[in-house]
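K.L.:
One structure is given below, represented as structure tokens, and several questions about it will come after.
The values are calculated or read from the model by the stated rules, or taken from the named source; none is laboratory data. Everything numeric here is computed off the predicted structure, so don't read it as measured data. Glycine gets a Cβ as well: all are built from the backbone with ideal geometry, and neighbour counts include every protein chain shown.
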Number of protein chains: 2
Amino acid sequence: MKDLVAELREAIGAEKVLSSPVDLIAYSFDGTFEQHAPDAVVLPETDEDIVAVVKVASRLEVPIVPRGMSSGLAGGAIPFSGGIVLSLTRMNRILEIDGENMIVTVQAGVVTADLQAEVEKLGLFYPPDPSSNKQSTIGGNIACNAGGPRCLKYGVTGDYVMGLTVVLSDGQVLVTGGKTIKNVVGYDLTSLFVGSEGTLGIITQALLRLVAKPKCVRTALAEFPSLDDASRTVNVILSAGIVPATLELMDETATVCIEEAMHLGLPLDVEAMLIVETDGSDEEGVVREIEAAARICRENGAREVKVARDEAERTTLWKARRSVSPSLARKAPNKLGEDITVPRSAIPEAIRRIKAISAKYGLPIVIFGHAGDGNLHPNVLFDRRDSEQWEKVQRIVGEVFQVALDLGGTLSGEHGVGTFKLPYIEQALGPTSVDVQRCVKQALDPHSILNPGKVLPAI
Amino acid sequence: MKDLVAELREAIGAEKVLSSPVDLIAYSFDGTFEQHAPDAVVLPETDEDIVAVVKVASRLEVPIVPRGMSSGLAGGAIPFSGGIVLSLTRMNRILEIDGENMIVTVQAGVVTADLQAEVEKLGLFYPPDPSSNKQSTIGGNIACNAGGPRCLKYGVTGDYVMGLTVVLSDGQVLVTGGKTIKNVVGYDLTSLFVGSEGTLGIITQALLRLVAKPKCVRTALAEFPSLDDASRTVNVILSAGIVPATLELMDETATVCIEEAMHLGLPLDVEAMLIVETDGSDEEGVVREIEAAARICRENGAREVKVARDEAERTTLWKARRSVSPSLARKAPNKLGEDITVPRSAIPEAIRRIKAISAKYGLPIVIFGHAGDGNLHPNVLFDRRDSEQWEKVQRIVGEVFQVALDLGGTLSGEHGVGTFKLPYIEQALGPTSVDVQRCVKQALDPHSILNPGKVLPAI
């Protein structure tokens with residue numbers, strides 16, 4: 001692959017091309033436990049650099065795997081076929097914050113939390129909040145259509161993307177959308193690239209819609225002796241016309257893991273906890289909404305509901321939810337976090353079935369997630385070094401996906417397909433959908449240069 | 001075309017095929033002043049009927065123009081190349097209202113207002129409210145990504161589409177999406193069909209997201225001596241964190257037209273009026289929001305702000321806005337209603353420039369629309385029988401589009417491209433976008449059977 005590296009250096013300058021073994025290993029991972037080294041890493045600084053890289057890749061028939069900070073959880077940014085990893089991290093400028101139109105223009109490599117901090121200084125707010133937001137980039141968030149707890153009220157990343165700049169597989173630069181809130185001129189190409197995981201084009205720039213920063217927030221933590229009651233309560237709250245910013249569920253196993261790690265005084269004898277948060281510009285309304293939600297929790301089986309009275313109390317309540325992932329590390333060397341979604345009404349049944357799978361295989365499965373969205377993160381705890389456990393994990397994943405599909409749900413709400421979910425995609429979507437998606441991929445990337453082998457299974 | 005009619009009768013039954021001259025003329029119109037008769041009309045009752053029609057059309061290489069109630073305003077449902085008009089109006093059943101998950105499953109031919117009335121009986125709410133909603137169908141709304149006044153707070157039709165059933169050009173039946181709120185498995189095919197105006201597939205069924213019906217609504221009408229002040233106020237309201245359900249603007253000409261027709265006591269000496277409506281489940285919050293909006297109007301130049309105190313007063317306030325279109329009919333035999341969108345901040349400049357165009361050509365242009373969205377409906381009033389006026393209208397339309405594009409806007413916020421905006425689409429989107437859209441069209445409809453000559457200009 002010396003030719004590749006030499007050609008890339010010539011095309012965009014040696015200082016933007018990495019090829020030492022150490023560098024290649026550094027760019028071989030994502031947020032999972034898989035890895036595969038690329039043949040070269042490029043760190044473009046402009047669209048022109050990316051166009052030049054695409055042309056080299058095209059001529060040499062070498063894959064390009066675009067990535068942000070590679071915090072993905074589905075193997076989407078791992079260069080399993082080698083080739084070029086194209087990291088957008090040097091393109092990390094906020095180009096414009098248009099306060100009047102409440103729109104920000106950013107390069108793809110901006111870290112999401114950095115963007116959020118900048119716009120909040122001006123009283124504006126970018127709601128999508130994947131838990132990776134201090135690491136992950138806007139470009140990666142868009143490529144995976146990232147979610148987060150606040151998406152219940154505010155919607156996912158795609159709901160904020162008003163336009164994109166995308167380098168296509170033939171080196172053309174496509175600009176979609178614009179600063180208009182409504183736009184029905186031609187096909188919705190913006191949405192086609194959102195969630196396409198780098199397989200249709202390389203997103204280099206985005207126009208993102210902002211909202212006014214909520215002036216106040218109220219948070220409640222409800223303890224439910226019965227998981228069924230907790231799940232039902234989610235729907236009662238939403239049916240009452242309350243639209244919480246977040247409505248999160250943690251099961252007994254999650255609560256016990258957190259308490260063992262953090263000693264927050266969480267109850268060890270409840271089947272579930274709900275975290276409800278309301279926000280808005282009208283303090284009295286926000287307070288009334290959280291009180292209504294708390295009352296509904298009590299009326300539907302909550303043993304205790306704590307409403308935070310200030311920011312310090314709120315931070316304590318969130319500490320529990322935020323500690324789930326790190327707490328699990330104490331229980332087992334590895335965890336595999338899934339991301340199924342089901343219709344909201346099916347949450348209790350989904351959790352019951354997943355717990356039965358856990359019992360059947362004798363491996364703990366911790367369940368938490370965005371209950372208001374029907375988006376659950378079952379995390380299997382295991383030891384990868386134990387081949388028997390690893391084999392069980394793979395069977396568990398298949399059965400968990402089957403639960404989601406049987407209940408009218410699907411394989412992923414936030415993480416995407418990557419490579420991890422490829423074996424299940426035809427079952428989830430049906431052969432016609434896979435056919436149509438292949439037609440779209442073929443139309444936009446006829447030589448399969450862009451992140452090949454991701455999203456769609458090879459024919 | 002006797003073969004065509006005979007083949008269609010054989011394929012789906014004679015009672016579902018129309019071919020008399022009277023019937024063909026009835027299906028030759030849309031909501032504009034253009035018309036062209038098809039060679040046959042089919043009234044399918046099932047997906048299987050539609051698959052059979054697609055196969056006949058494919059074999060005979062005859063175009064299919066799908067339509068709902070053909071209330072479109074861009075020529076999208078007019079069969080300019082003849083062929084088959086496929087009307088979805090017999091497929092008009094509401095198949096399921098899933099209250100727990102707040103999702104309705106409908107056939108494409110359901111009239112939007114009928115759907116809204118049914119779900120509201122259960123305390124649910126389908127927000128998108130194109131002004132055609134008593135006539136237009138959900139399928140047509142989806143194919144055009146219809147908007148309406150309430151879209152400021154609630155979003156457009158596409159924001160409510162969770163899944164579709166689509167008959168493709170090769171006769172395959174594609175099912176997209178599902179009852180899960182989040183779904184990132186594969187490309188977003190649902191969004192690709194939303195707004196595709198029948199050119200990529202025939203939408204036969206949809207899963208639509210519902211919300212809880214707002215328990216209360218408050219409406220205010222503000223009179224602004226200065227149009228600039230009115231436009232600026234739109235942004236001040238939104239920046240304050242108030243999210244009105246609607247925020248509508250009517251210019252002086254619109255107000256005068258309505259007053260002449262309806263005698264509602266509207267002021268004839270103000271440059272603009274704003275209608276602001278807030279809604280929600282928390283009455284005190286809704287009241288406080290409308291009062292805050294009214295205060296902002298007063299602080300920013302409104303001469304008078306009336307807040308409706310009951311439903312009767314609210315109806316009176318809305319009567320003005322709802323009367324715009326019918327009132328215009330008294331002023332001139334024809335009107336051509338455009339649908340440009342601009343970034344919100346550009347509304348005052350857009351209106352100034354459009355008024356200059358009106359003065360230049362000596363034809364009245366009435367301006368009203370969804371100011372909160374930056375979506376304006378400039379309506380040119382004219383007499384189609386006067387060829388000189390008609391020629392002026394065509395030049396006016398070109399110049400109005402140029403205003404939108406020069407200000408960072410686009411050609412359509414709600415009506416779509418159809419055929420009327422074809423000459424301007426490349427200028428609006430750029431050649432790369434048109435190329436990519438052609439690739440998508442070619443991938444999904446390689447023989448260009450589906451609504452050919454719409455959305456994309458012929459090569």
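K.L.:
Please give the number of the condition B:ALA308 fails out of (1) in contact with a strand residue (DSSP E or B) (Cβ under 6 Å, 6 or more places away or on another chain); (2) modelled with pLDDT under 90; (3) surrounded by 19 or more Cβ atoms within 10 Å (Cβ to Cβ).
P.N.:
(2)
K.L.:
Continuing with the same structure: Just give me the residues in region B:6-56 being part of a helix (DSSP H, G or I), in contact with a helix residue (DSSP H, G or I) (Cβ under 8 Å, 6 or more places away or on another chain) and among the β-branched types (Val, Ile, Thr), in sequence order.
P.N.:
B:ILE12, B:VAL53, B:VAL56
K.L.:
Now for a different question. Considering (1) polar (S, T, N, Q); (2) under 30 Å from A:ILE275 (Cα atoms); (3) crowded, with 24+ Cβ neighbours inside 10 Å, say which one A:THR176 fails and leave the rest.
P.N.:
(2)
K.L.:
Could you count how many residues in region B:391-412 are part of a loop (DSSP other than H, G, I, E, B) and either of a type in the set (A, V, I, L, M) or at pLDDT below 95 (or both)?
P.N.:
Step one: list which residues in region B:391-412 are part of a loop (DSSP other than H, G, I, E, B), which gives B:407-409, B:411.
Filter again for either of a type in the set (A, V, I, L, M) or at pLDDT below 95 (or both), leaving B:407, B:411.
Count: 2.
K.L.:
Still on this structure: Residues B:GLY430, B:GLY418, B:GLY398, B:GLY413: which one is at the interface with chain A (Cβ under 7 Å from one of its Cβ atoms), of a type outside the set (Ser, Thr, Tyr) and touching a residue at least 24 places away in the same chain (Cβ under 8 Å)?
P.N.:
On inspection, the qualifying residue turns out to be B:GLY413.
K.L.:
Of all the residues that make up region B:357-383, how many are more than 14 Å from chain A (Cβ to nearest Cβ) and either not in a strand (DSSP E or B) or not β-branched (Val, Ile, Thr) (or both)?
P.N.:
So the answer is 14.
K.L.:
Here's a check for you: in region B:187-203, which residue that is more than 7 Å from chain A (Cβ to nearest Cβ) and aliphatic (A, V, I, L, M) is farthest from A:ALA146 (Cα to Cα)?
P.N.:
B:ILE202
K.L.:
Quick check on my filter: what residues within region B:276-304 are within 11 Å of chain A (Cβ to nearest Cβ) and farther than 17 Å from B:LEU317 by Cα?
P.N.:
If the condition is that a residue be within 11 Å of chain A (Cβ to nearest Cβ) and farther than 17 Å from B:LEU317 by Cα, then B:GLY280, B:SER281, B:ASP282, B:GLU283, B:GLU284, B:GLY285, B:VAL286, B:ARG288, B:GLU289, B:ALA292 are the ones that fit.
K.L.:
Now for a different question. Just a yes or no: is a residue in region B:255-275 of a type in the set (Ser, Thr, Tyr), over 20 Å from B:VAL211 (Cβ atoms), surrounded by fewer than 24 Cβ atoms within 10 Å (Cβ to Cβ) and away from chain A (no Cβ under 14 Å)?
P.N.:
So far as region B:255-275 goes, no, none of its residues is of a type in the set (Ser, Thr, Tyr), over 20 Å from B:VAL211 (Cβ atoms), surrounded by fewer than 24 Cβ atoms within 10 Å (Cβ to Cβ) and away from chain A (no Cβ under 14 Å).
K.L.:
Moving on to the next point. Taking A:ASP170, is it acidic (Asp, Glu) and farther than 27 Å from B:VAL156 by Cβ?
P.N.:
Numbers: acidic (Asp, Glu): yes; farther than 27 Å from B:VAL156 by Cβ: yes.
Spelling it out, A:ASP170 is indeed acidic (Asp, Glu) and farther than 27 Å from B:VAL156 by Cβ.
K.L.:
Another question, then. Name the one entry in B:LEU95, B:LEU73 that is in contact (Cβ under 8 Å) with a residue 60 or more places away in the chain and in a strand (DSSP E or B).
P.N.:
Values: B:LEU73 fails: in a strand (DSSP E or B).
Of the residues listed, the single one that is in contact (Cβ under 8 Å) with a residue 60 or more places away in the chain and in a strand (DSSP E or B) is B:LEU95.
K.L.:
Considering each residue of region B:9-34, count those that are within 31 Å of the chain's Cα centre (by Cα), surrounded by 18 or more Cβ atoms within 10 Å (Cβ to Cβ) and more than 23 Å from B:LEU336 (Cβ to Cβ), and give that number.
P.N.:
5
K.L.:
How many residues are assigned to a helix (DSSP H, G or I), without any contact (Cβ under 8 Å) to a residue 60 or more places away in the chain and more than 10 Å from every other protein chain (Cβ to nearest Cβ) when one looks only at region A:136-186?
P.N.:
Adding up the residues that qualify gives 1.
K.L.:
Consider B:LEU328 carefully, then state whether it is among the aliphatic types (A, V, I, L, M), within 14 Å of chain A (Cβ to nearest Cβ) and under 23 Å from the mean Cα position of the chain (by Cα).
P.N.:
Criteria not met by B:LEU328.
K.L.:
Looking only at region B:224-239, which residues are surrounded by fewer than 21 Cβ atoms within 10 Å (Cβ to Cβ) and at pLDDT 95 or above?
P.N.:
Matches in region B:224-239: B:PRO225 only.
K.L.:
At pLDDT 95 or above, facing chain B (nearest Cβ under 10 Å) and farther than 28 Å from A:GLU48 by Cα: does that describe A:PHE125?
P.N.:
On the way: at pLDDT 95 or above: yes; facing chain B (nearest Cβ under 10 Å): yes; farther than 28 Å from A:GLU48 by Cα: yes.
Criteria met by A:PHE125.
K.L.:
A follow-up question, please. Please verify whether A:ASP3 is touching a residue at least 24 places away in the same chain (Cβ under 8 Å), surrounded by fewer than 16 Cβ atoms within 10 Å (Cβ to Cβ) and in contact with a helix residue (DSSP H, G or I) (Cβ under 9 Å, 6 or more places away or on another chain), treating the condition exactly as stated.
P.N.:
Yes: the conditions hold for A:ASP3.
K.L.:
On to the next question. Quick one: in region B:88-131, of everything that is surrounded by fewer than 24 Cβ atoms within 10 Å (Cβ to Cβ) and of a type in the set (Ser, Thr, Tyr), which residue is farthest from the chain's Cα centre (by Cα)?
P.N.:
Selected residue: B:THR105.
K.L.:
Out of all the residues in region B:57-78, which are surrounded by fewer than 24 Cβ atoms within 10 Å (Cβ to Cβ) and either assigned by TED's automatic domain parsing to the domain that holds B:HIS377 or of a type in the set (Val, Ile, Thr) (or both)?
P.N.:
Once the filter is applied, which keeps residues that are surrounded by fewer than 24 Cβ atoms within 10 Å (Cβ to Cβ) and either assigned by TED's automatic domain parsing to the domain that holds B:HIS377 or of a type in the set (Val, Ile, Thr) (or both), region B:57-78 yields only B:VAL62.
K.L.:
Out of A:ALA220, A:ALA117, report the one residue that is more than 9 Å from every other protein chain (Cβ to nearest Cβ) and without any contact (Cβ under 8 Å) to a residue 24 or more places away in the chain.
P.N.:
A:ALA117
K.L.:
Out of all the residues in region A:446-459, which are facing chain B (nearest Cβ under 10 Å) and over 21 Å from the mean Cα position of the chain (by Cα)? So that I can check it myself, show each step before the final result.
P.N.:
Looking only at region A:446-459, we keep the residues that are facing chain B (nearest Cβ under 10 Å), and these are A:446, A:455-456.
Scanning region A:446-459 gives a single hit, A:PRO446.
K.L.:
If the requirement is being closer than 26 Å to A:GLY418 by Cα, assigned to a strand (DSSP E or B) and modelled with pLDDT of 95 or more, which of these qualifies: A:VAL85, A:VAL104?
P.N.:
None of the other options fit; the residue is A:VAL85.
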